[in-house]
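The values are calculated or read from the model by the stated rules, or taken from the named source; none is laboratory data. Quantities reported herein were computed from a predicted structural model and do not represent experimental measurements. Note: ideal-geometry Cβ built from the backbone for every residue, glycine included; neighbour counts use all protein chains shown.
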């Protein structure tokens, strides 16, 4: 039973870490999208 609890705690820690990584990647992709949109609008002018 103790091994199961330790395994569940380790899996939870990995999942939380993965969520933070995906969240950061999403923010980076959003920033790139804004930069591309800004550049496209500058070219239109």
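Points worth noting:
- Check on residue 16, modelled with pLDDT of 85 or more, on the phi < 0 side of the Ramachandran plot and in a helix (DSSP H, G or I): no
- Comparison of 7, 25 shows that the only residue that is at pLDDT below 80 and surrounded by 10 or more Cβ atoms within 10 Å (Cβ to Cβ) is 25.
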